[in-house]
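Working notes, beginning with the structure itself.
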Amino acid sequence: MGLLRLLVLAMLASKPGVTGGAEAVGNASEGLLEFSVGKFRYFELNRPFPEDAILRHISSNVSFLIFQIHSQYQNTTISFSKTLLPNTSGTGTDKGLVFILRPEQSMCTLYLQTLDAEPVQNMAIPLSYSERDPIPGGCNLEFDLDIDPNIYLEYNFFETTIKFAPANLGYARGTNPPPCDIGMERDSRWRLLYDVYQYFLPENDLTEEGLLKHLQRMAEVPQVKANAIKVVTLTANDKTTVSFSSLRGQGVIYNIVVRDPFLNTSAAYVPAHTYACSFAAVEGNCSSLGRVSTKVFFTLFALLGLFICFFGHRFWKTELFFIGFIFMGLFFYILITRLTLVKYDVRLILTAVAGSVGGIFLVAAWWRFGILLLCMLCVGLVLGFLVSSVMFFAFLGNLKIFHDDGVFWVTFSCIAVLIPVVFMGCLRILNILTCGLIGSYSVVLAFDSYLYTSLSHITLNVLKRALNMDFHRAFTNVPFQTNDFIILAVWGMLAVSGITLQIRRERGRPFFPPHPYKLWKRERERRVTNILDPSYHIPPLRERLYGRIAQIKELFQKEQPAGERTPLLL
């Protein structure tokens, strides 16, 4: 059977090739898949039936090939031989092999299979490069393959990390490869540069067809440069590791283009993708990301925030409760997450309790002491926190200087403190701005618990940085697509409407309510000294409680029968 297979391959190699279209769909003869250089092909792999793949009519000016294969979440194995060895095969969702061609070689064969019980839909493409192009992974010393063009991807809740092997200079067929670690002159691999690219899939698109279609835009160098965002350029002296903020439920494709600035040539690694979640998980998979506890928490928080957005300044104590809830809840969540291993749902409940205690405490502090500046400092710091988060989200987050935790937190704190200082002369405006912006942003967070939006990462990135020691090295790019524009418009309209309504309604009114404790004390003294006041004759609270209890007891006593019970005296 093996001899027959070799004869079939030899006959196919001897026939003239036919140029295919941009994509090929369907099956070739049973057990044999035929590919063309630069042409994408869709096919299905089944566990009991491994496939032989053949690539024919390779041009003589091609020095090496990269054959890559992709699937959404089921693993596929690609190998040089039927015997699977660590240094000749790779298994995963995005895998590739480098074929270093011999002189006069015009055909390559490889083997594809899957160990998954379900059929796997795949897409593959062989790409050709000349002797002047750098070889991705050509100086691999870390991974199993001798030449490894793959990007190795790991993720957790906080960050997604990609790793890759250094490239080598290209060389002609039949010649020896340039040495990797002998000398650092201009004619060695140390002159190579690595451009790291990031590509976002459409938001809330978890389909297999969508992923495989967009992967085609990240396979070849011209398409990568045209469609993706260049995040950073690494030199040969930098670590071959890059971290990004994890976007749970959002599809992201990463690729690296290695450039030779001396020859002005380039080559692309095998692109890798992730959703920062698992399709196979029973609970909390990619299709059901929002927890019930999260939805309940942020829905109630948004209802309170919506009330504060339009009526916060008028209902001053309710606003203070809202601000105290945010203050205490945020600090408590960071503390309990860093110091304990409590489950997420329990942490959320404890955060709600702690936030409520913080809100009640701030209201009680205002009622008893009436220190307006202290309360407005808390209000201003919450607004400053949001403004500082927006600054780092939109402009400063990916600057190299802010990858240092010390510089980041000092700058972040200075911006947050600057807001209450700037508005110290117009406290009512500061309070109304805080009500409108913070209250309306709570609605954005509620949207995110039901439908993904990048705007939630305004504050989530800061929270991740406070919770994870390694998040400082992560790039925090996020997609900004149709959903985000709609939700941004809703946020803006709510904020402007709330601020405008409160400014117009409060015109001509006192800036802030008077000290509650002084009012209560003055009213109490007035009642004691003024006997004409009806409230003067109201019994003390203890006597009123005893009277109520006596009335309740009378309801359970038996009614006395009517009539005379004592004997008449003669």
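For this structure, a couple of remarks:
- Here Thr91 passes the criteria (1) open to solvent by less than 10 Å² (accessible area, probe 1.4 Å); (2) closer than 22 Å to Gln216 by Cα; (3) not charged (D, E, K, R) except the one numbered (1).
- Enumeration of residues in segment 380-401 that are part of a helix (DSSP H, G or I) and open to solvent by 20 Å² or more (accessible area, probe 1.4 Å): Leu381, Phe385, Val387, Val390, Met391, Phe393, Ala394, Phe395, Leu396, Lys400, Ile401
- Taken over segment 268-325, the criterion of being touching a Leu at 6+ places or on another chain (Cβ under 9 Å), over 30 Å from Ala219 (Cβ atoms) and of a type in the set (Ser, Thr, Tyr) is satisfied by Ser293, Thr294, Thr318.
The rows are residues; the columns are (1) assigned to a helix (DSSP H, G or I); (2) of a type in the set (A, V, I, L, M).
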position: Asn285; (1), (2): no, no
position: Phe297; (1), (2): yes, no
position: Tyr333; (1), (2): yes, no
position: Thr337; (1), (2): yes, no
position: Leu348; (1), (2): yes, yes
position: Ala354; (1), (2): yes, yes
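- Among the residues listed as Val270, Val258, Val252, the single one being at pLDDT 95 or above, out of contact with any Pro (no Cβ under 6 Å at 6 or more places or on another chain), of a type outside the set (Gly, Ala, Ser) and over 28 Å from Ile349 (Cα atoms): Val252
- Evaluating Phe200 against the criteria (1) more than 23 Å from Ser128 (Cα to Cα); (2) among the aromatic types (Phe, Trp, Tyr); (3) open to solvent by less than 20 Å² (accessible area, probe 1.4 Å) leaves one unmet condition, (3).
- Residue, most open to solvent (accessible area, probe 1.4 Å), within segment 239-283, restricted to residues that are part of a strand (DSSP E or B) and of a type in the set (D, E, K, R): Arg259
- Condition met for Leu455 (open to solvent by 40 Å² or more (accessible area, probe 1.4 Å) and either closer than 21 Å to Arg291 by Cα or touching a Pro at 6+ places or on another chain (Cβ under 6 Å) (or both)): no
- Given (1) exposed (fewer than 14 other Cβ atoms within 10 Å of the Cβ); (2) closer than 30 Å to Asp238 by Cβ; (3) in contact with a helix residue (DSSP H, G or I) (Cβ under 7 Å, 6 or more places away or on another chain); (4) not hydroxyl-bearing (Ser, Thr, Tyr), index of the condition Phe412 fails: (1)
- Gly38 vs. criteria of a type outside the set (A, V, I, L, M), modelled with pLDDT under 90 and either open to solvent by less than 40 Å² (accessible area, probe 1.4 Å) or over 22 Å from Ser128 (Cα atoms) (or both): no
- Test: residue in segment 139-150 that is under 29 Å from the mean Cα position of the chain (by Cα), open to solvent by 20 Å² or more (accessible area, probe 1.4 Å), under 22 Å from Lys39 (Cβ atoms) and not acidic (Asp, Glu): no
- Segment 368-398, residues that are aliphatic (A, V, I, L, M) and more than 17 Å from Leu460 (Cβ to Cβ): Ile371, Leu372, Leu373, Leu374, Met376, Leu377, Val379, Leu381, Leu383
- Residue within segment 353-373 that is under 23 Å from the mean Cα position of the chain (by Cα), modelled with pLDDT of 95 or more and open to solvent by 30 Å² or more (accessible area, probe 1.4 Å) present: no
- Among the residues of segment 328-349, just one is over 22 Å from the mean Cα position of the chain (by Cα) and crowded, with 20+ Cβ neighbours inside 10 Å, namely Met328.
- Checked against (1) more than 31 Å from the chain's Cα centre (by Cα); (2) open to solvent by 70 Å² or more (accessible area, probe 1.4 Å); (3) at pLDDT 90 or above, Tyr73 passes all but condition (1).
- Condition check for Val379: within 22 Å of Gly492 (Cβ to Cβ), assigned by the TED database to the domain that holds Asp484, touching a residue at least 60 places away in the same chain (Cβ under 8 Å) and not acidic (Asp, Glu): yes
- Matching residues, segment 506-520, being closer than 18 Å to Phe310 by Cβ and open to solvent by 60 Å² or more (accessible area, probe 1.4 Å): Arg507, Arg509
The values are calculated or read from the model by the stated rules, or taken from the named source; none is laboratory data. In this text, all values refer to a predicted model and were calculated from it rather than measured experimentally. Positions of Cβ are backbone-derived with ideal geometry, glycine not excepted, and every protein chain shown enters the neighbour counts. Accessible surface areas use protein heavy atoms only, side chains included; no ligands, DNA or RNA. Shrake-Rupley method; radii C 1.70, N 1.55, O 1.52, S 1.80 Å.
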